[in-house]
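The structure appears right after this line, and notes come after that.
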Amino acid sequence: MQKQQNKQTQPSPQTAKVNQQQRNPQPPQPPKQKVFNAEDYAKPPHLTKEEVLEVKQAFDIFDNDGSGSIDPQELREAFEASGIKTYHNKFIYQVLGELDTDNSGGIDFEEFLHLATAKVSDKDTREQIQKVFNLYDWNKEGRITWDELKRVAQDLGEEMTDEEIQHMFKKADLDDDGFVTFDDFYNLMTQKEYGKQ
């Protein structure tokens, strides 16, 4: 009878294991994050894998906690790190509202990528490119000469050989008239073929 009572008080090996786990619970494992693959977002020829990786590096700077989403606090920190003071939460939530297209409460990488690669209108593009062109057009003749391009490269501190400058000039001079006109420059900057707007 004594032996039988001892058997009943001894837990089975399975019960002992369950009891052991209850006394020493394992910490919950964080959910596995999907491994980032730049090729999932690349859309050649407009967006290469390398360009996606560059945008991802920028995204990771904003996404301090590595959650895969830029939350309001991280957005505020990003603005303040850029020197933009955000006195009101309203501003942060307005920006977030415009960028958070899936209403998740944060900006995920796909939304960030869309923002970073969004095309501006043709009108805005022309105006911006005209300003850049004017910086190169030292003589204000409406065209850039090889000498002007070389001078700009030197002023910018670019260590380029004459051959490299010549190659850049030939690439920009799409109609091969010996000058880079605004149309040449615009088409080069927007990757349009000459004569097509």
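The values are calculated or read from the model by the stated rules, or taken from the named source; none is laboratory data. Since the structure is predicted, the reported quantities are computational estimates derived from the model, not experimental observations. Every residue, glycine among them, receives a Cβ derived from its backbone with ideal geometry; neighbour counts consider all protein chains shown. With ligands, DNA and RNA removed, areas are computed over all heavy atoms of the protein, side chains included. Shrake-Rupley method; radii C 1.70, N 1.55, O 1.52, S 1.80 Å.
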_Accessible surface, 1.4 Å probe, highest first, among residues L53, L47_ = L53, L47
*Rounded to whole Hz, the Karplus (6.51, -1.76, 1.60) HN-Hα couplings of segment 168-175, x for glycine and proline*: 5, 5, 5, 5, 7, 7, 5, 9
*Under the Karplus curve 6.51 cos²θ - 1.76 cosθ + 1.60, θ = phi - 60°, whole-Hz ³J(HN,Hα) for segment 129-144, x wherever Gly or Pro sits*: 5, 4, 4, 5, 4, 4, 5, 7, 7, 4, 7, 6, 9, x, 7, 10
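In the neighborhood of D184, defined by Cβ-to-Cβ distances under 9 Å, what is the net charge if each Lys or Arg adds +1 and each Asp or Glu adds -1?
Working: positive: R143; negative: D173, D175, D177, D183.
Summing Lys/Arg as +1 and Asp/Glu as -1 gives -3.
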_segment 49-64 - phi-based ³J(HN,Hα) in whole Hz, Karplus 6.51/-1.76/1.60, Gly and Pro as x_ = 4, 5, 5, 4, 5, 5, 5, 5, 4, 5, 4, 5, 5, 6, 7, 4
